[in-house]
Every structure is written in C-alpha cells, then in structure tokens.
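J.: The structure under discussion is supplied below as structure tokens; questions concerning it will follow.
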Amino acid sequence: MKKTIKIIVMAVLCLNFQVMSQSVPIQITGTVLDKLGKPIAGANVGIPLSKAFAATDSYGKFTIRADQSTGELMVSSIGYKTTKIAYGPKPNLQIILEESTGSLDEVVVIAYGKTTRRLNTGSVGQVSAAEIALQPVSNPLSALQGRVAGLSITQNSGINGAGVKVQIRGQASLMQGSDPLFIIDGVPFASGNSSINSVTNATGTAGISPFSTVNPADIESVEVLKDADATSIYGSRGANGVILITTKKGVSGKTRFSLNGYSGFSQVTRTMDMLNTQDYLMMRKEAFKNDGAAMTNANAPDLLLWDQNRYTDFKKLLVGGTAKTNDWQASVSGGNENTRFLFSSGYHGETSVFPGEQRDDKISGRLSLNHRSKDERFTLDLSTSYSYNKNKMSAGDLTGFINMPPHMSLYKPGGTLNWEDSGVFFDGALTNPLAATNKRYTGKFNNANTSLNLSYMILLGLKAKINMGYNSVNGEDQALNPSTSINPNSGNLPYANFGRSALNSWIVEPQAEFNKTVGRGKINILLGGTLQNISSNSLNIIAQNYRNDMLLSSIAAAGNVITRNSDFAYRYSALYGRIGYNLKDRYLVNLTGRRDGSSRFGPGKQFAAFGAIGVAWIFSSESFIASTLPWLSFGKLRGSYGSSGNDQIGNYRFLDTWTSTNQPYQGGAGLQPSSLYNADLSWEISRKAELAIELGVLDNRFLLTTAYFRNRSSNQLINYKLPSQTGFSSILRNFGALIQNSGLELGLESKFITTRDFSWSSVINFSLPQNKLVKFPGLETSSYATVYFLGKSLSTQKTLEYLGVDPATGIYTFRDVNGDGQYDSKDRTQLINTLPKFYGGLQNSFTYKGLKLDVFLEFKKQLGYNYLYTQSVYIPGYYYLNQPKIVLQRWQSPGDITNIQRFAATGDSPAFLPAGDYLADSDAIFSDASFIRVKNISLAYTFSGSWIKKMKLEKLGLYLHAQNLFTITGYEGADPESQNLFILPPLKTITMGIQITL
Amino acid sequence: MKFKNRKKLQLHSIVVSALAIVLLLSSSVFFGACKKLVDVPKSSNLVLSKDVFATNEKATSAVLGLYNKMVALNLSMSNGGLTIYSALSADELYNPAPHTNYDPFSLNNIPSNNGIIYNNFWNTGYKNIYHANAILEGLNNSTTLNNVVKNQLIGETLVIRALYLFYLTNLYGDVPLVMTTNFERNALMARTAKEVVTEQLITDLKTAIELLPSAYASALRARVNSFTARSLLARVYLYKRDWNNAEIESTGVISSGIYSLESELNKTFTSSSKETIWQVVRENLNTAEAAVLIPVSATVLPGLALRENLLNSFELGDQRKSRWTAVNIVNNQRYYYPYKYKIRSGSTVGECLIVFRLAEQYLIRAEARAEQGDLRGAVLDLNILRTRSRAPVTAEISNPLPDLSLDLVKSSVLDAVYKERSNELFCEWGHRWFDLKRTAMANAVLSKLKPTWKAYAQLYPIPFEETQINIFLTQNSGYAN
C-alpha cells in the first residue's frame, strides 16, 4: 500500500514536470528541506505579487503554477526563516530553510499542536527554558512569576516546597477553583495545583506544591493559554486558562554531555524588627498606666516576676539562619535524523533558615525519545520522567512565634525546655517556640509522568494519532511529635500523624489530523476524543498515646489509633475538533469545538458543549500597508470569542450522602450528613472575548503586543452561603451571578543595540486587570448583601472609615456614619479593593562578548493588609506578647498625632475594643502594598578561545544568580507579597554555578 | 487525461480521508455520548442517604454519629462550653490573667462578632439540630427498620434535639425553631418566640418518653433512655414555672429506682456514678472541661479560678467545697478552681461528660414543691442533698452543714433552694447563669460584682455573621450589629 502510493505520487510529479516544461505559465516543482536534509511539511510556497500559492506535502514536495518562466519564490514555514529563491525552468528545486531566530517565528506550543507567534490566532504567553534557567528556584511555577502578562503567581510562604497561587486573567469563579489546567507533555497533571501533603507541615495552608516534584531544568518551554481560541478546545477544564509545560527533547548529531551545577545560600527578605526586652517592658508598664490598672502577680507576672534582664531576639533565633542550596543537572543527548534521545538527571537540595536540621531535596530522571521512520510516515515521541522529593521541614512555621516575649525563659536549668515561669504556664498564644523545632515532619513524594504520542500518516495530508499518558503522584508523609515538642499543658502523650496518598491519572486521546491546500490557502482539521480518568485514595492515621518517644514512627506502638481513608474517582470524556484555515499566511481563521462530559455532575447534567472562533489578519503583508508604512515590519490584528467551562467543584457533590464521623461512639461506627446536596449542579460557563494588535517595527527590533480581553463567567457554581441554622454554612449551587474579568495586557520586546560584541534588549509585560460583578440576582436580600457589590470587584470589602488616633484620648476613632454612637455594620461605608491595579515584569539583558547580564524586575501596584492587621489580634500592651518596633510610635500623651493608639493592658480598657474589634473592620488595616522586586539578577560568562576546543569542550560557562535580591516598597509591614508578619516571607537566594557541555 | 488522473487521486484521497474522519468521529461520538464513560465508582467513605436508613445497623450509626458530634469540638456548647463560658458570664469563674477568649464573657462585654458565640454555641447547636432532623426524616420515611429500633432511635434523637433547642433559647432568647432539613425554608427563618420553642420541647419530650424504654441501650448510661427525657422535661417545666408538671416529672425520675446519690462526693463524677442519668462518652478521652479547669501543675496560675462569692457561700462542713474544689498557691496567693471532674488528661477513661444527674432532679422538685406551697417537702429534698455533702463532726466544726428547718417560710425555702443549687450545680452546664436569669436575680447579683455589667447582657448576642446572611435574624437589643 505504502509503496503504491509512493509510485503514484512520483508518477504524478513526473507528469507535472512534463506539463511544466512545455509552456508558459509553467509548473514549478521542488522540495523544501531543513539544514539536515529532512523534508519540511506544510511550508508555504508563493510567488510575490501573484496569486500563486502551494504548500509542501509530508515529503516536503510542492508544485506551483507560475505565470512567468523565471522569477522568485518565497518560501516560509513555522520555525524557519522566510527565504526567497529564484526559479527558472530547472525542475525539482531544492530549497533549504534555515531555522528562524526571530521571536516572531519561534515555535509556540498550543493545544494539540504547534504554531508561531506570527500565525497564532490565540493569546499565548511563553516562558522559555533560558528564562527558567536564570532562576535558582525549585518550583517551576515560581520561575514564571512576573514573566507573562495576565498570569498572576503569588507566593504566600517562603517555606521550602510551599505552594504558590496561580491565576490567569483574574478570578473568574465566585468561589470554586480558579486554578488553571496544567498539562505536562500532553498529560494533565493529576494533582493540578492542589497541595500534595496529607499531614500539615510548616507550609501551613499553602501546603506542599505538587510542582516541587517537577524539575525546572527539564522544561523546554511553558505556554500560558489565555483566550477562548487557545483554551476552548480544553472545554470544561479550560475556563481558568491552561498552562502547557513542554519538556526538553534530544538534538540529533554528535552525542553531547552536559553538566550544570550551582550552589548558594538564602536568607529572609523583608520582615519586621521586634521590641527588645527594655522596650517591651516599657510598653507593658505604659499599658497598665494608661488603663489605670494595678499590676499584680496574676496579670503582670512578666513585669513583676520574670527576669527583666533576659533577652532573646526571636526573629534572629527562629528565622535568622542561612539556608544552603545545591543543584546539579546532567544530561546526555544525541541521535541521528530518525531517532533522537535525551537522558537527563537532576538533583536539587535546600536547607532552611529555621534552626535545626531541616531540608528539602529532589532528585529526578528523564528520558525523551523521538523517532520517525525513514519514510516519514510514522513518528513516535516518548517522554518519561520520575522524580522524588523528600521534604524534611519542621511541622510548623516558626515565623509565627517571633512575637514571644523577649525575656521569656526558654530553658530549665538542666537544659530541657521550660514551660513555666513564676506560676505562668506557657499556654495558648504564649508558647515555648523551641518545642516546635522538635516536631519532625518527613514527606516523601514521587511523581511519574509518561507520555507517548504515536502518529501515522495514512494518506497524504491525513494523519492518525494517538496520545496516551499516565501520571502518578504519590506521597507518604509523617509528622512526629515527641514529648519534647508537646506543651505539657495539653496533657497529650507523644503522638504522630501519618498520611499516604496516591493520585493516578491516565488519558487516551485518539486524533485525526488532516492538512490540505484548498484554493490559495491551507486547511488544517483536527478531530479527536479524550478519555481521562483520575483516581485517588488516601489514608490518614493519627497515632496517639505513645508511652515514650522511642517508637514514634511505629504505628503499632501507639496507645490509640484513629484511621481515616478516602478515595474518589473522576472521569472525563470529550470529543473535540478544530478547523484552521490559513490564506496566504495573511488571513487566518480557527474554529474549535468540544463536547464534554464530567463525572462531577449528576445524571442529565454531565454533558455540555463549548466552542470558539479565532481570526487573525496579518495586515503588514498587504501590499498597501507595505508600501505606505515601510517601517512596519509586522502587523497583526487578531480576535477571538468563545466559551469554556469549569467543573472544579470536587467529586460526588450532587449526591445526598452521609459520611463517617472521625471517632466511633462506644465502639460503634458513627455517621454524619456530608453536606447539603444539590442534584441539579451543572457547568459554570465562561465566555471569553479578546482583541489584540501585534506590531513589529524597524525589522522587528521592537515588537509590541496589546491585547484587550473580556471574560464573563456565568452560571456560577458557588458555595452559596447559608446561615448555620440550616445545619451547614453553604450549599453548592449554580447561580446566575455574572462576573466579568477584563483587562489590558501589553508586551514590548526591544532590541536596542545589536552589535557583534555588545547587545542590549529588554522585554516588558504589563497587565491592567479589572474585575467586576455584573449581575447578581437578588443580591440585596441574599446572604451576600454585605459581601459582594454590584459593579465592583470581587476583592472589594466594605469597612469602617478610619479617622486616626484621637489626639485627646489616644484611641482609634472611626466614622459613625449614622451617628448612633456605635460602630456597627451600618457604619461600614468605605469600599476597599485589594485587586492589584496593575502588575508586570521588566527584563533587561546585556551581552558583551562572552558576558551576559540579565536583570528582571517584578512590579505590582495594590492595596494590601498592613501591620495593623495583626494588631487587632495581638493588641499592643495586652497579654505577654511582643510587638514590632513600629508600635513605639504610639500615642503617649494628649496632643500626640500618630497612627498607633495608646497601649492597653486590660480587657475593659477603653482602647481594647477599638483595637480588637473595630480596627480589623476598618480601612486602617489596608495600605499601599505596591512593590518593585528585583526578582532576578543573573551574570553569566561563557568562555571562548582555542583552549576550549583543545579541552574538547563545546561550552564552558560560569554564572552568578540572585533571586529576590531586594524589594523597593513603601509597604508598612513585613513582606508586601505575603502580607503577614507571622508567615515566612519569600527568601532571597544567591547562587554561583558552572555549566559544561562536551 | 493527466489532469483527470490527478483529480481522481485527489478525489480518492479526499474520500478516504473523509471516511477516516467519519469513522473517527463516530467512534468519538460513541466516546462522548456514552454515559458509562463518565460514570465513576462511588467513594468508599460515602453512604447514600437512602441507604443509611435502610438497615437497623446503619440507622443506629447515624444516631451514634450525633452523640459523637456532641463532643467533637472542645468547649463547644455541649462539650464544656456552657460550663466554662456561662460560668464566666455568671458569678462563678474569672480568669486571673488576661485572656482574649475569656475576657468578653467575664466582663459581660461580648461583641456580636465574637467567634465563640458563633462557632462554639450557635453553629454547634444548629449543626447538630440539622443532624437530628436528618435522622428523624430518614427514620420516618424508612419502611425497612425494626419498629423497636426505630422507636428507640427517634426517641434518642428527639431528646438530643430538644437539649440543643433548650440551651439555644435560654442563651439567646427567641431562636429559629428549625424542625426540617429544608434549607431553602430554614435559611430565611426568623426567630421563633421562646414560648413556642418551649411548647415544642414539651411535645417532643413527651413523644420521646413514649417511645423510649427505661433501660439503657448501651453500657455506662451513655445513650438516652426515657428517664433522660423526663429529666429534661422536668427542667423545661421548671424554667416555664409549670411547677406541678416539674414536680411530676422529677418525681418520676427520683422514684424510678435506677438512680441513687453517691454517698462519696468524689465518686459523683466518675464514669460509674450511680447518680448519672445520662453521660456522653468520648473515645479515649476524659472530659474537655477538666482539661481546661484543672491546672497542669500545682505551681501554675489556673487559667480559670472560682470567685470569692461562690467560695464564701459554702457553709461550714460542706464537703462540696473540699471535694469539688481545689487550690493552687501561686506567689503566695490562693486560686481555687472547680474539681468535680478530677482527671485532667491521660489515656485511660475514668470520667465522661455527665449531662443529667439525680441531684438536679431533687433540686427541681424542691423548687417546684416550694413554689406550690409544699415547703416541708421542699426542705426534705434539700436535706437529702445536704446530708450527702455533710462532713463528719470535728472539734472545729461541731455542726457541719446542718439540716434545714422544716418550718422555714416560703421565701426562705426558695432562697435555700437557689443557694443549694449554686453550691450543688456550680460550674455545670451553665446552671448558675440560667438560674440567675430565670429567677430575675441577674441584675442585682452581677451589677454588684462587675462594674461592666449591663442588663442586656443576659442574652448573648446573635452571631453577627448570621444576621448578615439571614436578614430576618434580628439582633438582641443593646448589641451593636
């Protein structure tokens, strides 16, 4: 069969040749090849100023009709430089295309395919391996921070392995998941962005990121799909955008060995200094004086009984350490034109700024294999990776204890931890922080990801493909609480928590792809189906009442064991298609559609259809533009509109179910209602529109992309708030609320100077997000009347208006709007919006001969929680807790103008409620949290000269990387990103490394 | 001819491609449309509601789950919360050192957005009322259950629901009377008059008494029996000032022959106490309130200490002071704390959460008798308790805790009842707080003791968050909302 087709094709080509040589106009035939002599399929062949057009077939061959017997052909293809070549009567032209270096023609990975920035109809942001390589981070998501317009990455904790929050183009869902869909080499990442630890550790609510099992060095590129055109084909899973991670592949040619290693250290960035003992004592005494309260042994033992000369700088003790980072990556790649391979292996290890032995290590290995048969009909792409992450951080974030009284007695005379000083037991908010360092957490996680793509060309232009993938993320963790970590007041004996979780996902996607030249354009049709299954099971064991610390990791030694297990299955199936038409590389239309079914919805609600259209017009190719605007080297207008859905609601929510209580009653199993149920749940639908213009001027030295988008999500799946008199605090239901995320995204790439020895280029991205609640039926009488506001951002809240500290009384005052003498909900009139006003990143790159300097700044303008937020929980002067130094600016005597009220010592102090109650409800706790962070500086030197060759080296480089080096901000508080004094802020890291390729 | 050939080929290839696409499409349609492909096995931890009430065993589990939930959250209403926080609100406990949780209660200065009012009381109450309503609906709709089991379970559930409604209405005043699981209706429900709630309690408890056997369904008197229902009903009548019925119900319990006062006070609160009418068992845990009330060592300042007025009210030779309180001396100062439960922690369970005990029934009957003019009968009941608590005669105390005279006038008998209640039931389930309120003594007693006392503080504020979600839920007067 194969042979026959070949013969027919040859015959046809021969016939064509005969036709061509006989007359003018003529037929030109030829082959388009790459530098290695491999045919390039789908290349465009055209004759300038004529309507002649052809595209190459899978053998790189083309036939085109020309009006004149000599002239010029223009040949272009994705990823290659556009080339002009003269033709004449000579048959069978051989045209070799060089790979393109311009960023417009770089390959962009899209859903089930590839394109270039030039021809893309959708909105796709890209982060390359080179950009990732500059950053000494263990979580690949952190490396994306600030680099893509519309992509917001927030790191709430600096703890090793902690999760990051990812949002593409704002919060689309009132309260269901806003996580994008993550796809690694075509396989949906089983865990998404949900934390993978079963047992709580220092990362707290952020949890351990599943991406801490992904090696950043394995990544070739990360594509962020944003608009309907790019995401609709992912149907219900694409509403929040899609992040495609593509791993590196082997390069044919000589076998290459490469080694890359770096080593460095990290420290805490911004935090707040706390009072020393002297100032602390002064604060407390002043508080009693202010309240006219007597200090007694019962209410002021810290002032009357404790050693007044002791001093511990808890900030230094708990988070003042230096963490070390080590990273090694080795790879070998090679192959021939038919088969290429890449084997790589990596290690990344970090210690912590906390005291004691704490570390987080990751090892990984990967194999990538690409094969195409000699006749180019069959291709096989296999990528398989395995990684293992071991997190041995403490069980709690020690930053939470920096407000312990500075003269706390930490040790008993014998050296054991102290829990009591002069009758005061360290309990509740007061605790010996060193105990927490004795809680030992160990998490072991592994991630196996395999993807296999097979493709066979059945006929010219028709390919049958199958993508198969398997992903498994497994974890096993434990937190051991020996007697030295337990507050004796709790009465607990040593205990341990054990967790085990397994998440398995497989996907099968059969596809057919059809490429054909139709008229003067090319048509591309893709049809496919998806069957995806995710299953999970987990086990949690609380083992209590150990008699001693010796056998803590043995469950059998526990006096009491509580075991809980859970499992779920999620199944998803779909049928999808895409039709693309490209007319002369100038007019492009892209239609996508998908019909989806998800197991998360009840009978009759499982299926839904989604679709999108994307169009682009490369107007710079029009002759009238080219002649009037010669400086315009590239101009594209594109737009898209379409829908996608969201089913991130958890599983089995449409069933009326009961579940086991944590404990039995007198040995008998107990059951409780799981939740209020709703059998009518259905998809949340997001409709996305985008309009963008892309311009390149002066031979694309400046490339500007401006995009305006408007996403509207409706049929919101919300946990509709209910008063607890209904038994639950919410019910999951679809709701007619309409949320609009819109915004402007700008990207500007500039090559200011490009000479042989020196170059300077920059990339800036800028996002101006807007979020608006457009519709909310019955808002006024609903349970959301005081939570959401029509026409405002979802991040808006209503607060009391803070009027400052009364200079006469020294107490916080607020506006009593209705003048009833009380500060209550009716006085909350100030609207505070914490949605960032704008954010973005600026990259500047300089090269001088072998030297390369990259500086990346991340910036964000926003309102955020300031240091006063925590003062409503810990009132300065009240109880034995320390305060940041800034409280010294408090009001002291009548006439003082300040922003911090007088210290208060007692619960009936007139200053107590204003601080404890009203302050947190007011706008005083918000202030500007904008920042410019020097996110990354990289200085690299690549050696050149004959000695490199003599040593048989292909490349030798040295580099210095700095992450989060410093932050420019006027923020009143610790770190403007994490906005919490009691959570470890992101760390600054400085590393030095070497790269060798031979 | 040649061109024709080429066209033929094109046609051929298009036909083949089209066929392939159609094939793929149809297989995909099969993929997409087949519902089986999105059917998933049910999670092993979930039981469908209809299956829960299909078998005796599972239905019983639903009720056991409710018992379990009563003590799931430490210091929630039914797990030490009433004991601790109501005692702070009243004149029993104070916190020697400042404490953000205790201060608003001891100062009677609870803001409406207080977290304890919301989570520990209101939320716990209504969550468990929902659980109870779900059980009752499931049981009533079930046709496959054994009638004996079904009646027992309905009875137990009615009593537990009544217990929560009783406490909610006595803490907050009028409260929504939620009797179904219909969340659409319940979400908009306004507050129901306290009198209506009380009538419902009486109806439910009467039904429960009918349905429940007098025998206990499990060891340790850990599940509700008919006398538990009668005990609560006696209390409901007492609070309603329905003295006749209060006397009838308490007499029913006292004369049941099942319960007797422990002569040794130290045994009153043990898990095997003969006085216990109903107690809730915690798996591998002793009581939550003992863990809070008993200090970790003899040298530390107790977090909560007994107020002078209570300590001074114990008469000479009243062993309740020596047996049921204990003292820590810290920096030369004495801090007394409640010591009814004596096991602070540990893995061996020796004490459970006692919800009803016999002594209260004597006190209910004494008060009911006194109010009805049976002063002699009232004093006799009080003397039973006094006899039990009386210390042996010593050189210092020649007449320890004497019997009360049978000739006291009504007001004196009532005063004696109130005092006896205070000494017997201190720091138990908020008895003192409710007594102060229902006997209209709160203002007089508490304003003397606390400069921050306000009359409106007799009712706790309705949780602010709830008033924001349900616009029909009005705030109690005096509170900022």
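J.: Just the residues that are within 26 Å of A:Ser152 (Cα to Cα) and either within 7 Å of chain B (Cβ to nearest Cβ) or of a type in the set (Gly, Ala, Ser) (or both), please, taken from the range A:719-744.
T.: Scanning the range A:719-744 gives A:Ala737, A:Ser742, A:Gly743.
J.: Considering the range B:211-220 alone, what residues qualify as being surrounded by fewer than 24 Cβ atoms within 10 Å (Cβ to Cβ) and in contact with a helix residue (DSSP H, G or I) (Cβ under 8 Å, 6 or more places away or on another chain)?
T.: Pass one, the range B:211-220, residues surrounded by fewer than 24 Cβ atoms within 10 Å (Cβ to Cβ): B:211, B:213-220.
Those that are surrounded by fewer than 24 Cβ atoms within 10 Å (Cβ to Cβ) and in contact with a helix residue (DSSP H, G or I) (Cβ under 8 Å, 6 or more places away or on another chain): B:Leu211, B:Pro213, B:Ser214, B:Ala217.
J.: Being polar (S, T, N, Q), outside the structural domain of A:Ile168 (by TED's automatic domain parsing) and under 22 Å from B:Thr181 (Cβ atoms) is true for just one of A:Ser644, A:Ser633, A:Ser682, A:Ser660. Which residue is that? Step through it out loud before you land on a result.
T.: Working: A:Ser644 fails: under 22 Å from B:Thr181 (Cβ atoms); A:Ser633 fails: under 22 Å from B:Thr181 (Cβ atoms); A:Ser682 fails: under 22 Å from B:Thr181 (Cβ atoms).
The conditions single out A:Ser660.
J.: When A:Asp279 is evaluated against the numbered criteria (1) under 21 Å from A:Leu141 (Cα atoms); (2) of a type in the set (Asp, Glu); (3) not in a strand (DSSP E or B), which criterion, by number, is the only one it fails?
T.: Of (1) under 21 Å from A:Leu141 (Cα atoms); (2) of a type in the set (Asp, Glu); (3) not in a strand (DSSP E or B), only one is false for A:Asp279: (1).
J.: crowded, with 17+ Cβ neighbours inside 10 Å, more than 13 Å from A:Thr437 (Cα to Cα) and within 29 Å of the chain's Cα centre (by Cα) - does that describe any residue in the range A:391-412?
T.: yes
J.: Also: Just to verify a result, which residue in the range B:324-364, among those that are basic (Lys, Arg) and crowded, with 19+ Cβ neighbours inside 10 Å, is farthest from B:Tyr259 (Cα to Cα)?
T.: B:Lys340
J.: Name, by its number, the condition in (1) touching a residue at least 12 places away in the same chain (Cβ under 8 Å); (2) more than 8 Å from every other protein chain (Cβ to nearest Cβ); (3) hydrophobic (A, V, I, L, M, F, W, C) that does not hold for A:Ala556.
T.: Among (1) touching a residue at least 12 places away in the same chain (Cβ under 8 Å); (2) more than 8 Å from every other protein chain (Cβ to nearest Cβ); (3) hydrophobic (A, V, I, L, M, F, W, C), the lone unmet condition for A:Ala556 is (1).
J.: So if I check each of A:Gly916, A:Gly895, A:Gly877, A:Gly907, which one is on the phi > 0 side of the Ramachandran plot and within 14 Å of another protein chain (Cβ to nearest Cβ)?
T.: Values: A:Gly916 fails: on the phi > 0 side of the Ramachandran plot; A:Gly895 fails: within 14 Å of another protein chain (Cβ to nearest Cβ); A:Gly907 fails: on the phi > 0 side of the Ramachandran plot.
Answer to the check: A:Gly877.
J.: Taking A:Ala940 and the conditions (1) assigned to a strand (DSSP E or B); (2) of a type in the set (Gly, Ala, Ser); (3) over 30 Å from the mean Cα position of the chain (by Cα), which numbered condition does it fall short on, given that it satisfies the others?
T.: (3) is the only condition that A:Ala940 fails.
J.: Select, from B:Arg235, B:Arg223, B:Arg241, B:Arg230, the only residue that is surrounded by fewer than 23 Cβ atoms within 10 Å (Cβ to Cβ) and either modelled with pLDDT of 95 or more or among the acidic types (Asp, Glu) (or both). Lay out the reasoning, then the answer.
T.: On the way: B:Arg235 fails: surrounded by fewer than 23 Cβ atoms within 10 Å (Cβ to Cβ); B:Arg223 fails: surrounded by fewer than 23 Cβ atoms within 10 Å (Cβ to Cβ); B:Arg230 fails: surrounded by fewer than 23 Cβ atoms within 10 Å (Cβ to Cβ).
That would be B:Arg241, the only listed residue that is surrounded by fewer than 23 Cβ atoms within 10 Å (Cβ to Cβ) and either modelled with pLDDT of 95 or more or among the acidic types (Asp, Glu) (or both).
J.: Do we have any residue at all in the range B:96-117 that's facing chain A (nearest Cβ under 9 Å), closer than 25 Å to B:Asn133 by Cβ and of a type outside the set (Ser, Thr, Tyr)?
T.: no
J.: What are the residues in the range A:772-801 that are of a type in the set (Ser, Thr, Tyr) and either farther than 18 Å from B:Asn481 by Cα or surrounded by fewer than 20 Cβ atoms within 10 Å (Cβ to Cβ) (or both), if any?
T.: Residues satisfying the conditions are A:Thr781, A:Ser782, A:Thr786, A:Tyr788, A:Ser793, A:Ser795, A:Thr796.
J.: Also, I was wondering about something else. Does B:Ser345 count as within 24 Å of A:Asn489 (Cβ to Cβ) and of a type in the set (S, T, N, Q)?
T.: When the stated conditions are applied, B:Ser345 passes them.
Yes or no, residue by residue, for (1) within 13 Å of chain B (Cβ to nearest Cβ); (2) out of contact with any helix residue (DSSP H, G or I) (no Cβ under 9 Å at 6 or more places or on another chain):
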| site | (1), (2) |
| --- | --- |
| A:Phe425 | yes, no |
| A:Ile458 | yes, no |
| A:Lys465 | yes, yes |
| A:Met468 | no, yes |
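J.: So how many residues does the range A:388-440 have that are in contact with a Pro (Cβ under 7 Å, 6 or more places away or on another chain) and under 30 Å from A:Ser209 (Cα atoms)?
T.: The number of residues fulfilling the criteria is 5.
J.: For the list (1) over 23 Å from the mean Cα position of the chain (by Cα); (2) touching a residue at least 12 places away in the same chain (Cβ under 8 Å), I need the number of the one condition that A:Gly945 fails.
T.: Of (1) over 23 Å from the mean Cα position of the chain (by Cα); (2) touching a residue at least 12 places away in the same chain (Cβ under 8 Å), only one is false for A:Gly945: (2).
J.: For A:Phe498, state whether it is part of a strand (DSSP E or B) and at the interface with another protein chain (Cβ under 10 Å from one of its Cβ atoms). Before you say what the answer is, go through the steps one by one.
T.: Working: part of a strand (DSSP E or B): yes; at the interface with another protein chain (Cβ under 10 Å from one of its Cβ atoms): no.
The answer is no for A:Phe498.
J.: Sticking with this structure for a sec: So which strands (runs of 3 or more DSSP E) are wholly in the range A:573-691 and hold at least 3 residues that are in contact with a strand residue (DSSP E or B) (Cβ under 9 Å, 6 or more places away or on another chain) and either at the interface with chain B (Cβ under 10 Å from one of its Cβ atoms) or among the β-branched types (Val, Ile, Thr) (or both)? Spell out how you get there, then give the answer.
T.: On the way: elements: A:587-598, A:607-617, A:632-646, A:657-660, A:671-673.
Where strands (runs of 3 or more DSSP E) fall fully within the range A:573-691 and carry at least 3 residues being in contact with a strand residue (DSSP E or B) (Cβ under 9 Å, 6 or more places away or on another chain) and either at the interface with chain B (Cβ under 10 Å from one of its Cβ atoms) or among the β-branched types (Val, Ile, Thr) (or both), they are A:587-598, A:607-617, A:657-660, A:671-673.
J.: For B:Leu88, all conditions in the list (1) closer than 15 Å to B:Trp453 by Cα; (2) assigned to a loop (DSSP other than H, G, I, E, B); (3) more than 7 Å from chain A (Cβ to nearest Cβ) hold save one; what is the number of the exception?
T.: (2)
J.: Which residue out of A:Asn418, A:Asn471, A:Asn467, A:Asn447 is surrounded by fewer than 22 Cβ atoms within 10 Å (Cβ to Cβ) and under 30 Å from A:Gly186 (Cα atoms)? Steps first, answer last, please.
T.: On the way: A:Asn418 fails: under 30 Å from A:Gly186 (Cα atoms); A:Asn471 fails: surrounded by fewer than 22 Cβ atoms within 10 Å (Cβ to Cβ); A:Asn447 fails: surrounded by fewer than 22 Cβ atoms within 10 Å (Cβ to Cβ).
Going through A:Asn418, A:Asn471, A:Asn467, A:Asn447 in turn, just one is surrounded by fewer than 22 Cβ atoms within 10 Å (Cβ to Cβ) and under 30 Å from A:Gly186 (Cα atoms): A:Asn467.
J.: Mind listing whichever residues of the range B:424-481 are among the basic types (Lys, Arg) and more than 14 Å from chain A (Cβ to nearest Cβ)?
T.: Across the range B:424-481, the qualifying residues are B:Arg432, B:Lys437, B:Arg438, B:Lys448.
J.: Right, another one. If the requirement is being free of Cβ contacts under 8 Å to residues at least 12 places away in the same chain and not β-branched (Val, Ile, Thr), which of these qualifies: A:Gly428, A:Gly475? Spell out how you get there, then give the answer.
T.: Values: A:Gly475 fails: free of Cβ contacts under 8 Å to residues at least 12 places away in the same chain.
Step by step, each of A:Gly428, A:Gly475 is checked, and only A:Gly428 is free of Cβ contacts under 8 Å to residues at least 12 places away in the same chain and not β-branched (Val, Ile, Thr).
J.: Scan the range B:275-332 residue by residue and report those that are of a type in the set (Val, Ile, Thr) and within 30 Å of A:Leu305 (Cβ to Cβ). Please lay out each step first, then the result.
T.: Going through the range B:275-332, the residues of a type in the set (Val, Ile, Thr) turn out to be B:276-277, B:280-281, B:287, B:292, B:294, B:296, B:299-300, B:325, B:327, B:329-330.
Selection gives B:Val292, B:Ile294, B:Val296, B:Thr299, B:Val300, B:Thr325, B:Val327, B:Ile329, B:Val330.
J.: Is it the case that A:Thr351 is at pLDDT below 95 and within 26 Å of the chain's Cα centre (by Cα)? Can you show your working first?
T.: Values: at pLDDT below 95: yes; within 26 Å of the chain's Cα centre (by Cα): yes.
Taking the combined requirement at face value, the residue satisfies it.
J.: Then there's this: Going through the range A:360-417 one residue at a time, which ones are over 30 Å from A:Gln871 (Cβ atoms) and β-branched (Val, Ile, Thr)?
T.: A:Ile363, A:Thr379, A:Thr384, A:Thr416 - these are the residues of the range A:360-417 that are over 30 Å from A:Gln871 (Cβ atoms) and β-branched (Val, Ile, Thr).
J.: Please work out which residue is farthest from A:Phe601 (Cα to Cα), limiting yourself to the range A:527-572 and to residues that are aromatic (Phe, Trp, Tyr) and either in a strand (DSSP E or B) or assigned by TED's automatic domain parsing to the domain that holds A:Ser76 (or both).
T.: This residue is A:Phe568.
J.: Now for a separate question. Has the range A:145-159 got at least one residue that is outside any loop (DSSP other than H, G, I, E, B) and closer than 30 Å to A:Leu527 by Cβ?
T.: Pass one, the range A:145-159, residues outside any loop (DSSP other than H, G, I, E, B): A:151-155.
Subset that is closer than 30 Å to A:Leu527 by Cβ: none.
No, the range A:145-159 contains no residue that is outside any loop (DSSP other than H, G, I, E, B) and closer than 30 Å to A:Leu527 by Cβ.
J.: Considering only residues of the range A:892-913 that are of a type in the set (D, E, K, R) and closer than 17 Å to A:Met283 by Cβ, which is surrounded by the fewest Cβ atoms within 10 Å (Cβ to Cβ)? It would help to see each step written out before you state the result.
T.: Kept after step one, since they are of a type in the set (D, E, K, R), are these residues of the range A:892-913: A:896, A:902, A:908.
Then drop every residue that is not closer than 17 Å to A:Met283 by Cβ, which leaves A:896, A:902.
Values: A:Asp896: 15, A:Arg902: 28.
Restricting to residues being of a type in the set (D, E, K, R) and closer than 17 Å to A:Met283 by Cβ, the top hit is A:Asp896.
J.: Hey, among the residues in the range A:820-844 that are more than 24 Å from the chain's Cα centre (by Cα) and small (Gly, Ala, Ser), which one's nearest to the other protein chains (Cβ to nearest Cβ)? Break it down stepwise before answering.
T.: Of the residues in the range A:820-844, the ones more than 24 Å from the chain's Cα centre (by Cα) are A:820-832.
Those still in the list that are small (Gly, Ala, Ser) too: A:821, A:825.
Details: A:Gly821: 9, A:Ser825: 6 Å.
The selected residue is A:Ser825.
The values are calculated or read from the model by the stated rules, or taken from the named source; none is laboratory data. Nothing here was measured: the structure is a model prediction, and the numbers come from that model. Every residue, glycine among them, receives a Cβ derived from its backbone with ideal geometry; neighbour counts consider all protein chains shown.
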